[in-house]
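Working notes, beginning with the structure itself.
What follows is calculated from the coordinates using simple rules that are stated; it is not laboratory data. All values derive from a computational prediction rather than experimental measurement. Cβ atoms come from the backbone with ideal geometry, glycine included; neighbour counts cover every protein chain shown.
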Amino acid sequence: MAYDPDNIFAKILNGDIPCDKVYEDEYVLAFNDIAPQAPVHVLVIPKGQYVSIDDFGANASEAEITGFYRAVAKISQDLGLVDLGFRSIANTGEHGGQEVPHFHMHILGGGPVGPMVCA
Ligand code: 5GP
């Protein structure tokens with residue numbers, strides 16, 4: 001699937017749409033989900049144009065991949081989620097229920113997030 005430069009997260013990255021920013025560095029932007037599913041619900045997105053986790057893993061540079069996961073670690077630590085735990089999810093494609101075609105990791109926590117769900 002080709003990257004759609006008009007997707008909503010691309011518009012957040014280029015400043016056309018505002019977000020409630022949690023963290024930013026040269027590799028990622030992290031912001032609160034507009035429809036939180038847990039007391040803490042943050043989305044971490046790479047600044048590069050990648051559709052999905054498989055696109056990111058296959059095509060991103062090592063610096064981008066390292067930067068992304070270092071940021072996920074820093075954000076989860078800074079938000080105080082590590083001791084009691086949290087869930088990280090990357091929905092992918094039609095069967096995965098991905099709505100926004102720019103790779104993103106959901107970080108959910110701040111309380112029990114329940115069992116994994118399969119429809
Ligand atoms: P997906 O289903 O693609 O894994 O998740 C997309 C997420 O993006 C959803 O949890 C949805 O609430 C969130 N979202 C969609 N549009 C916006 C927006 O404009 N701003 C923010 N902060 N989150 C959004």
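The residue that is farthest from the ligand (Cβ to nearest atom), counting only those in segment 1-33 that are closer than 21 Å to Leu81 by Cα and assigned to a loop (DSSP other than H, G, I, E, B), is Asp25.
Of all residues in segment 78-111, those being surrounded by 10 or more Cβ atoms within 10 Å (Cβ to Cβ), without any contact (Cβ under 8 Å) to a residue 60 or more places away in the chain and in a loop (DSSP other than H, G, I, E, B) number 13. Within segment 3-33, the residues that satisfy the criterion of being farther than 16 Å from Pro101 by Cβ and not hydrophobic (A, V, I, L, M, F, W, C) are Gly15, Asp16, Pro18, Asp20, Lys21, Tyr23, Glu24, Asp25, Glu26, Tyr27, Asn32, Asp33. Of the listed requirements (1) away from the ligand (no atom under 11 Å from the Cβ); (2) outside any helix (DSSP H, G or I); (3) surrounded by 15 or more Cβ atoms within 10 Å (Cβ to Cβ), Ile75 misses just one: (2). Among the residues of segment 64-119, the ones that are under 24 Å from Met1 (Cβ atoms), among the small types (Gly, Ala, Ser) and touching a Leu at 6+ places or on another chain (Cβ under 9 Å) come to 1 in all.
Here the condition is being in contact with a helix residue (DSSP H, G or I) (Cβ under 8 Å, 6 or more places away or on another chain), at negative phi and within 16 Å of the ligand (Cβ to nearest atom); of Pro36, Pro46, it holds for Pro46 alone.
Based on what the data block shows, is Ala58 of a type in the set (Gly, Ala, Ser), surrounded by fewer than 19 Cβ atoms within 10 Å (Cβ to Cβ) and assigned to a loop (DSSP other than H, G, I, E, B)? So Ala58 fails the test. Here the condition is being free of Cβ contacts under 8 Å to residues at least 60 places away in the same chain and acidic (Asp, Glu); of Asp6, Asp33, it holds for Asp6 alone.
Filtering segment 38-62 to residues that are in contact with a strand residue (DSSP E or B) (Cβ under 6 Å, 6 or more places away or on another chain), over 21 Å from Met1 (Cβ atoms) and of a type outside the set (Gly, Ala, Ser) leaves Val40, His41, Val42.
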